[in-house]
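What follows is a single structure, written as structure tokens, with notes after it.
The values are calculated or read from the model by the stated rules, or taken from the named source; none is laboratory data. Note that the structure is a prediction, hence the values are computed from the model and not measured. When we count neighbours, we look across all protein chains shown, and the Cβ atoms used for this are built from the backbone with ideal geometry, even at glycine.
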Amino acid sequence: MTDATNRPSASGQSDVTGQSDVTGQPGSTKRLQAGDTTTEAVAVVDDLTVTFATDNGAVDAVKGVSIDVRPGEVLALVGESGSGKSVTARSMLRLMPETATLGGAVYLDGTDVISVGAGKLRELRGTAGAMVFQEPSTALNPVFTVGWQIAEGLRAHGGVSKKEARAKAIDYLRRVGIPDPETRVDHYPHQFSGGQKQRVVIASALALEPSVIIADEPTTALDVTVQAEILDLLRRCRDEFGAAIVIITHNMGVVADLADRVAVMYQGEIVEEAPVRELFAAPQADYTKRLLAAVPRLEASTGSARRAAISEDVEPLVSARGLEIEYPGRLGSHAFRAVKGVDLAIRPGEVLGLVGESGSGKTTIGRAIAGLTRVTGGSLNVLGTEMLGYRERDFKRHRKDIGFVFQDPATSFNPLLTIAECVADPLVVHGEVRSPRAARKRVDELLEAVQLPAAYGDRYPHELSGGQRQRASLARSLALRPKLLIADEPTSALDVSVQARVLELFLELQQDLGFASLFISHDLAVVGALSDRIAVLYRGDLVETGTTAQVLGAPQHPYTQRLLASLPVPDPAEQAERRRTLEELERVGS
């Protein structure tokens, strides 16, 4: 950890003492002692250690971490999966399993949460500190209305009637931007979109006006437009409520957009801490430099030399003309048209990037090309077969020529099978081999091709990290040497360093094997790093298409312009300018 000497306080004055802090380091900023009111820090983590007891012995997840945050300040904890950032954040509210042993101290409003009893801890949770969890769908109870869940925290801390709690719930839903809060307060979580559910979770965290909000990956897997809205909401929480925010993220663009200070974690330790502009301009630790270098950048995408242009004269593998896909209504409701008259083509050896926010129709088109969703109008020709009204026996012979990489490999793998058995499954299903054992040589070659040791084939899916599972998923999709590969958000929830390796691997395999690909994503920087052409979807309509350089370098449609402006970049100065551009585009659009 870098020395905290002369770190500015919230009032702009240097907080300097000539005394040792509680860690015994002379000249450092004075750490908060229990009952101490001489510092402005509302949350202090001091020499925190966290050890987990496992069947294979003790695992040190956090090793002597020390950080603090002041009112109105945003501290970002960054690092790859397994670095200890989420464990550190959860330790601030002692949200740890019984297998965890905590050492050091964590002070919230002057009280050490590690040493207090259960009763006092319940008082501190929600008032001194509140948590915004990564996945709002699991943080919200599906059988209670969102209003009841917000009111529950208010009433648990006493002094609020049922009527007052409901009124406050409506007020906070309004503050976080939920439309028609008087009605939506009685809705259930499944009746909200992903971004709205995250807003509800933030409203619940704000309800007791905590001193510090701990946000654990609050924008992971959200569309860039929704992500921009959530970041703006967190910024308003800081400015309007004066709350300190500790945000845990692996997205360096989010850090540049929101944070005041950054602490970089690696293998349970803080390797660097600095003001956000200083860290991005002149990172000191080698790990920080590697982390920043792994971030995909739009500038590199549009400026780099693209692969040889695909000839327009070549017969496409996929051709859509006026493609329409409609989902039937339920219980007498009207049908929902997810895709509205889309024209696109994918030629041999070409990578087409399909971008847009949730609900735009990206995944629906990908599933239709793979024969997993029915086409209801227009024309979709895949590998010479018309998909409108097709019969399975006519398309079955083409299934071996189509690979599919799913967004979440953890749910697409059978947890009861080893990785080798999962990767061999397409070979067995299509009669290439009689059993997974007979396919082992081919499986080992595939695992090596995606840079996984062959020995990993004997492991089960839960024994691999997210990036390793995604590489195994890629190996499975290539098992039958497909002509067409459909990749549906394959890197959305990966750390930037792991994402960079997966994208590099994808590009190498595509060039070596020559398969065509539909790469579905909401991240324009990721799509720009891989694609020959980009197609932009908005509410089922194809609003823009062109080469990567054309779409990213000179977008024509206002929606594409908003998408680009919404994408946070790892440069605080540039990100501030992009935020102003986005605000201007939204004013013009309104």
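Looking only at residues that are part of a helix (DSSP H, G or I) and among the polar types (S, T, N, Q) in the range 397-414, which one is surrounded by the fewest Cβ atoms within 10 Å (Cβ to Cβ)?
Going through the range 397-414, the residues part of a helix (DSSP H, G or I) turn out to be 397-401, 409-412.
Checking the rest, the ones that are also among the polar types (S, T, N, Q) come to 411-412.
Values: Thr411: 9, Ser412: 15.
So the residue we want is Thr411.
Identify, please: which residue in the range 206-262 is touching a Cys at 6+ places or on another chain (Cβ under 8 Å) and over 22 Å from Phe280 (Cβ atoms) and is, among those, surrounded by the fewest Cβ atoms within 10 Å (Cβ to Cβ)? Show your work before the answer.
Residues of the range 206-262 that are touching a Cys at 6+ places or on another chain (Cβ under 8 Å), as a first pass: 206, 213, 243, 245.
Now restrict to residues that are over 22 Å from Phe280 (Cβ atoms): 206, 213, 243.
Working: Leu206: 21, Ile213: 25, Ala243: 24.
Across the range 206-262, the extreme among qualifying residues is Leu206.
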**Prompt:** In the range 556-567, is there at least one residue being in the same structural domain as Ile369 (by TED's automatic domain parsing), at pLDDT 90 or above, of a type outside the set (Ser, Thr, Tyr) and touching a strand residue (DSSP E or B) at 6+ places or on another chain (Cβ under 7 Å)?
**Reply:** yes
**Prompt:** Can we say Ser517 is among the small types (Gly, Ala, Ser), surrounded by 22 or more Cβ atoms within 10 Å (Cβ to Cβ), farther than 22 Å from Val295 by Cα and touching a strand residue (DSSP E or B) at 6+ places or on another chain (Cβ under 6 Å)?
**Reply:** yes
**Complete:** Filtering the range 424-480 for residues that are among the aliphatic types (A, V, I, L, M), surrounded by fewer than 19 Cβ atoms within 10 Å (Cβ to Cβ) and within 30 Å of Asp495 (Cα to Cα) leaves a count of 4
**Prompt:** What are the residues in the range 127-148 that are surrounded by 14 or more Cβ atoms within 10 Å (Cβ to Cβ) and in contact with a helix residue (DSSP H, G or I) (Cβ under 6 Å, 6 or more places away or on another chain), if any?
**Reply:** Ala130, Val132, Phe133, Pro136, Ala139, Leu140, Val146, Gly147
**Asked** Based on what the data block shows, is Asp60 at pLDDT 90 or above and surrounded by fewer than 16 Cβ atoms within 10 Å (Cβ to Cβ)?
**Response** yes
**Item:** Selected residue (only one of His430, His398 is farther than 29 Å from Val224 by Cα and free of Cβ contacts under 8 Å to residues at least 40 places away in the same chain)
**Value:** His398
**Asked** Here is a list of conditions, (1) in contact with a helix residue (DSSP H, G or I) (Cβ under 6 Å, 6 or more places away or on another chain); (2) small (Gly, Ala, Ser); (3) modelled with pLDDT under 90, and Ala479 meets all of them except one; can you say which number that is?
**Response** (3)
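Each row is one residue, and each column tells you yes or no for (1) modelled with pLDDT under 95; (2) farther than 15 Å from Ile520 by Cβ; (3) in a loop (DSSP other than H, G, I, E, B).
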| position | (1), (2), (3) |
| --- | --- |
| Arg306 | yes, yes, yes |
| Ala320 | no, no, no |
| Ala338 | yes, no, no |
| Pro348 | yes, yes, yes |
| Thr364 | yes, no, no |
| Arg367 | yes, no, no |
| Thr373 | yes, no, yes |
**Request:** Quick one: Ala282 ticks every box in (1) under 23 Å from the mean Cα position of the chain (by Cα); (2) farther than 21 Å from Ser492 by Cβ except a single one, so which number is it?
**Result:** (1)
